[in-house]
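In what follows, a structure is listed as structure tokens, so that the remarks can point back to it.
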Amino acid sequence: MSLRRPARYDALMATSTVLDREEYVEQAYFFRALRERMAGNMAAQDVLERLHEEILSSTSLPYAVQFLATEIKHTGLMSSGFARLPHYFTPFQTYVVSRTEDERLRFNVETALVVLEREAHFRANAPTPAGLFVYQFEVLSRNRLGYDRGLASMAADPLYDADWRDFIGLVRRTAGTVDFADLVYLRSQWYVLEEKRKNSSYEPPLPPLFGEKEGKIARASRGRDPLFLFAALQRQLGYPEVPRSRPRDDLAAQLDALKLKLNQVTQRLLLLESEVRGQVDLSQFGKPEILKGIVEKEEE
């Protein structure tokens, strides 16, 4: 494939920040197909070079995929391609992909692609800002992706208006200090109705962002683990379910674990045998700095 940018790259950059439904349908297919083929030991670069041919040509996604293929050749990173198409891929999508490239996190590409697939599917079917917010926030929470940068990427999503951006900014400042259920309940229509029962002239200082049902569920979940609230919203209102990272469970992973365990048992047996013979050599375990001077004096 040519390393020139795709023929309709300029059109991609001019695409509306809120995409048409068919774009999200194709995105969901793209993320699923990419995940499945990478799971079959195909390199991401090889998949990207061919996958654009399967995607509906009336959308802009084929050109985005070609650009990703070109970018991964240059940088070796998929996230840089997402970041260079900010009018097609959202900042949150870019952030999720970038976290798979952080070796300090146990957030694998497979989980990230499931996250993006389910989000795209949700966007293709009458999405609400409340549902998208809860889903994205749970992705950050469950996978420990970082609240500060994660919430900043969420606030830049075109589906959120100014009121939602202000609310996300509040959550960003108070994350970890204020109960998440309280944040939802106090900005819900249910809270307004309860206050109006007490005082008919009550007017909320800020517009409610969540509906009555979300408010009821949040009120019933106050003081509990936020994961229970997420699960209740998924059961009751059909909010998208966040995938959970699964440890490797293939034959190779089991063999690696067995080898590690066997090595540990072997080392313990050797240590016990040496102790019985009175020939324990502690130097094999290294000399802690605090004992180095004492050992050196003894050796003298």
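The values are calculated or read from the model by the stated rules, or taken from the named source; none is laboratory data. If you're wondering where the values come from, they're calculated on a predicted model, not measured in any experiment. Cβ atoms come from the backbone with ideal geometry, glycine included; neighbour counts cover every protein chain shown. In case anyone asks, the SASA skips ligands and DNA or RNA and just uses the protein heavy atoms, side chains included. Shrake-Rupley method; radii C 1.70, N 1.55, O 1.52, S 1.80 Å.
With respect to the numbered conditions (1) part of a helix (DSSP H, G or I); (2) open to solvent by less than 60 Å² (accessible area, probe 1.4 Å); (3) out of contact with any strand residue (DSSP E or B) (no Cβ under 7 Å at 6 or more places or on another chain), which one is the sole condition not fulfilled by Ala130?
(3)
Does at least one position in region 237-252 carry a residue that is of a type outside the set (Lys, Arg), more than 30 Å from Asn108 (Cβ to Cβ) and either touching a His at 6+ places or on another chain (Cβ under 7 Å) or surrounded by 11 or more Cβ atoms within 10 Å (Cβ to Cβ) (or both)?
Within region 237-252, not a single residue is of a type outside the set (Lys, Arg), more than 30 Å from Asn108 (Cβ to Cβ) and either touching a His at 6+ places or on another chain (Cβ under 7 Å) or surrounded by 11 or more Cβ atoms within 10 Å (Cβ to Cβ) (or both).
Considering only residues that are open to solvent by 40 Å² or more (accessible area, probe 1.4 Å) and either at positive phi or under 22 Å from the mean Cα position of the chain (by Cα) (or both), which ones fall in region 41-54? Full working, then the answer.
Filtering region 41-54 for residues open to solvent by 40 Å² or more (accessible area, probe 1.4 Å) gives 41-43, 45-46, 49-50, 53-54.
Result: Asn41, Ala43, Gln45.
Scan Glu138, Glu117 and give me the residue that is modelled with pLDDT of 95 or more, touching a Lys or Arg at 6+ places or on another chain (Cβ under 7 Å) and either acidic (Asp, Glu) or part of a loop (DSSP other than H, G, I, E, B) (or both).
On the way: Glu138 fails: touching a Lys or Arg at 6+ places or on another chain (Cβ under 7 Å).
It is Glu117.
Checking Asp157 against (1) open to solvent by 30 Å² or more (accessible area, probe 1.4 Å); (2) in a loop (DSSP other than H, G, I, E, B), only one condition comes out false. Which one?
It is condition (1) that Asp157 fails.
Can you pull out every residue in region 160-175 that is under 19 Å from Val18 (Cα atoms), within 20 Å of the chain's Cα centre (by Cα) and open to solvent by 50 Å² or more (accessible area, probe 1.4 Å)?
If the condition is that a residue be under 19 Å from Val18 (Cα atoms), within 20 Å of the chain's Cα centre (by Cα) and open to solvent by 50 Å² or more (accessible area, probe 1.4 Å), then Arg165 is the only one that fits.
Restricting region 216-275 to residues that are under 25 Å from Ala39 (Cα atoms) and among the basic types (Lys, Arg), which is modelled with the highest pLDDT?
Per the stated criteria, the residue is Arg244.
Count, please, the residues in region 55-90 that happen to be closer than 20 Å to Tyr29 by Cα, open to solvent by 30 Å² or more (accessible area, probe 1.4 Å) and touching a residue at least 24 places away in the same chain (Cβ under 8 Å).
5
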